[in-house]
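The values are calculated or read from the model by the stated rules, or taken from the named source; none is laboratory data. As the structure is a computational prediction, the values presented were derived from the model and not from experiment. Backbone-built Cβ (ideal geometry, glycine too); neighbour counts: all protein chains shown. With ligands, DNA and RNA removed, areas are computed over all heavy atoms of the protein, side chains included. Shrake-Rupley method; radii C 1.70, N 1.55, O 1.52, S 1.80 Å.
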Amino acid sequence: MSDIAVRAPTQGRDRDATAESPAARAILIGLAVVILTLFLFLPLATVFVGAFERGITGYLKTLGDPDTLAAVRLTCIVAAICVPVHLTFGVAAAWAISRFDFVGKSLLVTLIDLPFSVSPVIAGLVYVLLFGSRGVFGPWLAAHDIQIVFAVPGIVLATLFVTFPLVARELIPLMQQQGSDDEQAALTLGASPFTMFRKVTLPNIKWGLLYGVLLCNARAVGEFGAVAVLSGHIRGATNTMPLHVEALYNDYDMTGAFVVASLLASLALVTLAIKTFLEWRYADEIARRRRH
Amino acid sequence: MDIHIRGLRKTFGVSPALHGVDLDIASGELIGLLGPSGSGKTTLLRILAGLETPTGGDIHFGDLDMAGQSIQERRVGFVFQSYALFRHMTVADNIAYGLRVRPRATRPSARAIASRVEELLGLVQLTGYEGRYPGQLSGGQRQRVALARALAVEPRVLLLDEPFGALDAQVRKDLRRWLREIHDRTGHTTVFVTHDQDEALEMSDRVAVLNRGAIEQVATPDAIYDDPATPFIYGFIGDANRVEINLRGGQARIGDTVLARVGAGKEGPAELFFRPEHAAIDDGPRSARGTLVALRRFGAKRRGEIRLDGAAGDIELDLPIGAALKPGDRLGVRLDRFAIFADGRRVSVLDLATRAA
């Protein structure tokens, strides 16, 4: 972008041989701006305008609705379970895959990617078929009075499934690329495996890990499809924020829907900001990883 | 500390990486493991460090059996080709790492660590760089930090895996000489791996040449170059000519010229090896006859390609710059030093310079 501005006064005479003509450039940039405005900025602005239709007080009042608060709470609980689980699992899986050769390694890699290729709705349905009242484990669960489908455990399971690859997928290429020389050096210098992990491995992967956690959190909060199948839509009990937006919308409560949506949108903006910061702070390592 | 390796074997899956390596390394010796890729040299080094577990055989550091010793207990200094510096730590923290991770009881005081770091920075000529991060150093400087880090823990042995493999030719040359000096000053028993014959011959007290998971020869650089024990070493180190000959009646001949007596009972095809500089143009009775096929300038010398009568393939030979020779000339070639191998075993060595046949 910046070099376009710098070259502008002398354009035509010493332009890059591979650069577009000024007219083509103007059209391309204009097109991009129009598309971004139409499909990104306008909808985002609409969400916030709609949310604040009744002013700050109206916004806060809608937000204070018990069902809405319950949805926010449930979403936080789901994220608070999913993120630590995948933080642990992701590091363990990436460690195993990048450091060891074992039978079934490529199968494990494929399995980690599976949630990316399966529709979330199907994932939700699978859990219904497994744990639902007429499902494989249904009778047993009913006999032991354990409720999974249409309850919080089901929502957590569905979210765990769809967020499964995010942390591991960030770390595997990074750790493969870094190799294990640093870790072996630490061992030869007398470090215990735990010290090595804390002082060498973790600092080496921390930005990638943070990036993965961020993506995992965003997905856990925003997941709709899989959770929709499993939640049962019980207001104040099993509605997460995205589900609650839909429920309010179906009630023709546009303001309410926009208020909850604005929370989700804000979270997305914060995620985007942190992501941009990470990409800037950690540009070289991300660039290296993208090559894979 | 002296190292004794006996019958060391290592198998990866089904493919053997080392079969039966024996090697004794004297205390304070600098020994180079030289071989092509896949020869097992790095595997041998990593087994010494405890980074790989041998399939069989044993290793002693002095009287200490390494079999049950973990990587940490072995106290080896290991230097990687990739430097493997901790990128989030300063140069000083990198060097101090091995001292700081010690259990509290044996850990030196902060002041002792600082002075040790200072001393090592001086040794590797990086005083003033303690606050830098590895990313701010050149490749040569990084490898010097890696060496200082390895030396900080007072290792029993120092192991270097292709230490200069990632560096520019000029930096490499400087570091070779410099590493040799460091070694002479600190006196650590040092084993390094390289595929670069110049590096191995220049730095080592002795060179161990590996091929396909076995040691072909362990000897001083002079002996490795002048007196290779196997056809592989002739081919792998320096230039060499290979001539297919026949042993008949206890004699090795090229055409009609008798080169050496090999003793009765040795008959059949054999290989003769000699280095281009160990032969000369000479019309005397001990010379093989041949035709000059081509002449090439080769640095300070002139190389001639000669087709010997009664031998397949052309040989290369250093010729005097001034000699009036042109392709097509008939000439005699006197071999001053050569070795004859039958079935890969050496049956005869001749060195006219010392008159030993």
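Here are the numbers for this structure:
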quantity: Fraction of accessible area attributable to carbon and sulfur, region A:78-178 (%, probe 1.4 Å); calculated: 72
quantity: Net lengthening on full extension, A:Arg281/A:Ile27 (0.36 nm per residue, minus Cα-Cα); calculated: 88.2 nm
quantity: Highest-fluctuation residue, A:Val152, A:Val34, A:Val270 considered, GNM on chain A with Cα pairs under 10 Å; calculated: A:Val34
quantity: Interchain or long-range residues, amide H under 5 Å from A:Ile234's placed H; calculated: A:Asn239
quantity: Computed lengthening from B:Asp226 to B:Ala166, 0.36 nm per intervening residue step minus Cα-Cα distance; calculated: 18.7 nm
quantity: Highest-MSF residue in chain B out of B:Pro16, B:Pro103, B:Pro228 [GNM, Cα springs under 10 Å]; calculated: B:Pro103
quantity: Cut-off 13 Å (backbone N to label point 7 Å along Cα→Cβ of B:Ile321), residues of region B:273-309; calculated: B:297-303
quantity: Three-way shape call for chain A based on the alpha-carbon gyration tensor, with the a/c threshold at 1.5; calculated: oblate
quantity: Helical segments meeting 20 Å axial Cα length and Kyte-Doolittle 0.5 threshold in chain A (DSSP H); calculated: A:22-36, A:66-99, A:152-178, A:202-222, A:254-281
quantity: Order of exposure, largest accessible area first, which applies to B:Leu18, A:Leu160 with probe 1.4 Å; calculated: A:Leu160, B:Leu18
quantity: Sequence-distant lysines (8 or more away, or on other chains) whose Cα lies within less than 24 Å of A:Lys275; calculated: A:Lys206
quantity: Gyration tensor (alpha-carbon) shape descriptor, region B:202-357, a/c threshold 1.5; calculated: oblate
quantity: Interface residues in region B:78-101 - accessible area drops by 50 Å² or more relative to the isolated chain, probe 1.4 Å; calculated: B:Phe80, B:Phe86, B:Arg87, B:His88, B:Tyr97, B:Val101
quantity: Burial order of peptide ranges A:93-99, B:267-273 (average beta-carbon count within 10 Å, highest first); calculated: A:93-99, B:267-273
quantity: Inter-chain Cβ neighbour average for residues A:189-200, partner chain, 10 Å; calculated: 6
quantity: Area of B:Lys326 that stays accessible when all protein chains are in place (1.4 Å probe, Å², to 10); calculated: 120
quantity: Computed [θ] at 222 nm, helices only, for chain A once each DSSP H run of length n ≥ 4 contributes -39500 (n - 2.57); calculated: -24000 deg cm²/dmol
quantity: Inter-label distance for A:Arg54 and A:Ala92, nm, one decimal - labels placed 7 Å from Cα along Cα-to-Cβ; calculated: 4.7
quantity: Förster-model FRET efficiency, 25 Å R0, B:Ala312 and B:Ser15, C-beta, rounded to 0.05; calculated: 0.15
quantity: Shielding by other protein chains, B:155-161, mean Cβ within 10 Å; calculated: 1
quantity: B versus A: buried accessible surface, summed, Å² (probe 1.4 Å, to nearest 100); calculated: 1700
quantity: B:Arg75 - accessible surface, heavy atoms, 1.4 Å probe, Å² rounded to 10; calculated: 100
quantity: Gaussian network model of chain A, Cα within-10 Å springs - most flexible of A:Ala23, A:Ala168, A:Ala247; calculated: A:Ala23
quantity: Heavy-atom accessible area per residue - region B:83-196, 1.4 Å, Å²; calculated: 43
quantity: Those chymotrypsin sites (Phe, Trp or Tyr not before Pro) in region A:214-262 that DSSP places in a loop and that have at most 10 other beta carbons within 10 Å; calculated: A:Tyr252
quantity: Positive-end extreme of charge dipole, the protein assembly as shown - chosen from B:Leu121, B:Ser15, A:Leu42 (charges on Cβ); calculated: A:Leu42
quantity: Pair A:Val109, A:Arg198: separation of 7 Å Cα→Cβ label points (nm); calculated: 3.3
quantity: Per-residue SASA entry for B:Lys301, accessible area with 1.4 Å probe, Å² rounded to 10; calculated: 90
quantity: Efficiency of FRET between B:Thr291 and B:Ser138 - r from beta-carbon atoms, R0 30 angstrom, step 0.05; calculated: 0.05
quantity: MRE, 222 nm, helices only [DSSP H, n ≥ 4, -39500 (n - 2.57), over chain B, to nearest 500]; calculated: -7000 deg cm²/dmol
quantity: Degrees, to the nearest 10: B:91-100 long Cα axis against longest axis of chain B; calculated: 80
quantity: Pairs beyond 27 Å (Cα-Cα), from B:Lys173/B:Lys301; A:Lys105/B:Lys10; A:Lys199/B:Lys173; B:Lys301/B:Lys326; B:Lys10/B:Lys266; calculated: A:Lys199/B:Lys173; B:Lys10/B:Lys266
quantity: With every protein chain in place, region B:22-89: carbon and sulfur % of accessible area (1.4 Å); calculated: 46
